[in-house]
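First comes the structure, then the notes that go with it.
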Amino acid sequence: MKPAGKLSLRFVSYFTIFYLLIISGFIISLVFFAIFINGHVGDNIHIMTSSEIKDDAVVEKGESIKIADYLVKRAKENAGQLYLFDQSMDIVDYTGESCELCEMTDNEIIALKRPGMHTWEIPNYYLLFLPTSPVQPLFEEVYQSWKDKGEISSELLQRLQDKKASVEIYNEQWDRVGVIGEGYEKLHKPQLLEEQYDIFEHEELTQSAALEDGSTLVVRMPNPSYKPFEEPFYKAMVLFASIFFGGHFILLIGVIFLSISISRQFVRPLVYVISRIERLTQFDYSEVRDKNIHHRKTGKLKRKFKLFQPVDESLNNLSIRLSSNERQIKHAEQLREEWITGLSHDLKTPLSSIFGYSTMLASEDYEWTKEEMRIFANTMQEKATYMDALIQDLTYTYQLKNKAIQLEKVLLPLNVWLPQFADEQVSVKVYGNVMLEADDLLLKRILDNLITNAKKYTPVGTKVSVEAQNIGKGVMLTIADQGPGIPQEELDNLFERYYRGTNTTDDTTGTGLGLAITKQLIDLHNGTISVRSGAEGTVFDLKFNCK
């Protein structure tokens, strides 16, 4: 994947994680809210509908029919019993320890009216919920004891104490005249009218009866099933708000750390890249290592910064390339200065000769003989010819450089074509049938330059050999001499234009551009030239690729 794609993917993944964290926090808050409400608010059996339970109210266990476990639990929470009737009014199953309706007739059950009773019709059966107030058994014992003895036994008093219940006596004017057990706030008479079948909404349970003297006996006890909705709802809202805002605070901290992480992973490398570019603008190509993003030992980018590895490698390659270019420019400048110096020298020397001889010929102080004037004219012509050859060679090198020379390739049989260079000093040998596609005139100039140089810079009579052979899909030409060799310093610059500062007073047969032109002509043929030199002589290898 490209760096731009990796960068986009990294940002998308970060913000996707951020979005998922927000959604997860909201869902977790709702889950905690629901769990809290479910644990602290009663499941009111009176709001249950037939359609809600018709599919799973009854469970078949072997040959028997049972009320589903969740309904058994719900009946217990609502302080009552469930009875399952078939269509014949036979009791099929019931919840709780005792069956209050089993001893009753059908008519007695139908005539039974108790606050909080509820029925549901389900397929083939009917469900009846019968409230059983926890205070009822205790009230019956207290009422019977008070009626029979006018007091409460110590055993019954202990049970009242265990259940935190109280017995209160109110006179006809509804003044509380006696309290046994827990001390509750005084009741108002209308409070006795409340139907307490909604078991979860009442903090305490009460039951009362009128006594013979006109007073009222009231038994009160805490409601063990008390689960009001408002208080848990308020607590749940507080819990939800705490989780929600606490989660967002944690999320904020996470966002801060995520921002710092993004800054470390993206901003720091960018600062590093900018600093590298600034160093390049100041021509500083040295290798740079930032300990914050590079490993100290290996120098490679740390794992979390791998995304910027292509950028770092590109900067390193650019530094190497710019440093190399700068060295080449300096080297080219040095060669150009040497070239201009040598060229100036080679132009100045023949011009000086021409100017000197022309001055002598124009002088009226001396009468020159015809033989002397002929010698002067020959020298001036020789110097002018050299200057003309030098200018032509310079023009030719620039034409080659700008690809202004067009090749006219023909297929040359070297075993027939090469022998034209053989003489007493030069031997030619062709191995096999060697065919080379090249420009006839330009290839001749290449060999002329190399063979002429071999003769010129070796002792008189030194043998020069020219060989040709097929190598793979190409052709190799070899020009070798047995001269004293070429110094290494000259070998390194042998094919540079005008590297040799020719002294025209010693030799005017060369312009110093022969080998530079030779290399350019070989390059034009898509060939290569290499040179080996030592005490045994110098060897030029020319390789041409064949299609």
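The values are calculated or read from the model by the stated rules, or taken from the named source; none is laboratory data. No experiment lies behind these values; they were computed from the predicted model shown. With ideal geometry, Cβ positions are generated from the backbone for all residues, glycine too; neighbour counts draw on all protein chains shown. Surface areas here come from the heavy atoms of the whole protein model, side chains and all, with no ligands, DNA or RNA. Shrake-Rupley method; radii C 1.70, N 1.55, O 1.52, S 1.80 Å.
Can you tell me which residue is nearest to Ile522 (Cα to Cα) among those in segment 390-423 that are open to solvent by less than 40 Å² (accessible area, probe 1.4 Å), part of a helix (DSSP H, G or I) and among the aliphatic types (A, V, I, L, M)? Top of the filtered list is Leu400. Among the residues of segment 460-475, at least one is assigned to a loop (DSSP other than H, G, I, E, B), surrounded by fewer than 17 Cβ atoms within 10 Å (Cβ to Cβ) and modelled with pLDDT of 90 or more. Identify, please: which residue in segment 41-84 is touching a helix residue (DSSP H, G or I) at 6+ places or on another chain (Cβ under 9 Å) and small (Gly, Ala, Ser) and is, among those, nearest to Trp120 (Cα to Cα)? Among those residues, the one meeting the criterion is Ala57. If only residues of segment 449-466 that are of a type in the set (Ser, Thr, Tyr) and out of contact with any Ser or Thr (no Cβ under 7 Å at 6 or more places or on another chain) are counted, the one that is nearest to Ile522 (Cα to Cα) is Thr452. Restricting attention to segment 454-466, the residues that are in contact with a strand residue (DSSP E or B) (Cβ under 9 Å, 6 or more places away or on another chain) and within 16 Å of Asp423 (Cβ to Cβ) total 8. Filter segment 279-289 for residues that are polar (S, T, N, Q) and not in a helix (DSSP H, G or I); which is most open to solvent (accessible area, probe 1.4 Å)? Top of the filtered list is Gln282.
Taking segment 377-389 as the range and being exposed (fewer than 15 other Cβ atoms within 10 Å of the Cβ) and in contact with a Phe, Trp or Tyr (Cβ under 9 Å, 6 or more places away or on another chain) as the test, only Ala377 passes. In this structure, His345 does not satisfy being assigned to a helix (DSSP H, G or I), surrounded by 11 or more Cβ atoms within 10 Å (Cβ to Cβ) and under 60 Å from the mean Cα position of the chain (by Cα).
Figure legend. Inter-residue proximity from segment 449-467: first residues on the phi < 0 side of the Ramachandran plot and of a type in the set (Ser, Thr, Tyr), second residues open to solvent by 60 Å² or more (accessible area, probe 1.4 Å) and in a helix (DSSP H, G or I), beta-carbon distance below 8 Å, spacing 6+ or different chains. Indicated pairs: Thr462/Lys455. Filtered by the rule that a residue be open to solvent by 50 Å² or more (accessible area, probe 1.4 Å) and either modelled with pLDDT of 80 or more or over 19 Å from Gln392 (Cβ atoms) (or both), segment 502-525 gives Asn503, Thr505, Asp506, Lys519, Asp523. Tallying residues that are assigned to a loop (DSSP other than H, G, I, E, B) and open to solvent by 70 Å² or more (accessible area, probe 1.4 Å) within segment 79-99 yields 5. The set of residues in segment 348-376 being in a helix (DSSP H, G or I) and either touching a residue at least 12 places away in the same chain (Cβ under 8 Å) or open to solvent by less than 50 Å² (accessible area, probe 1.4 Å) (or both) consists of Thr349, Pro350, Leu351, Ser353, Ile354, Gly356, Tyr357, Ser358, Met360, Leu361, Met373, Phe376. Within the option set Arg321, Arg276, being within 30 Å of the chain's Cα centre (by Cα), exposed (fewer than 15 other Cβ atoms within 10 Å of the Cβ), at pLDDT 75 or above and not hydrophobic (A, V, I, L, M, F, W, C) holds for one residue only, Arg321.
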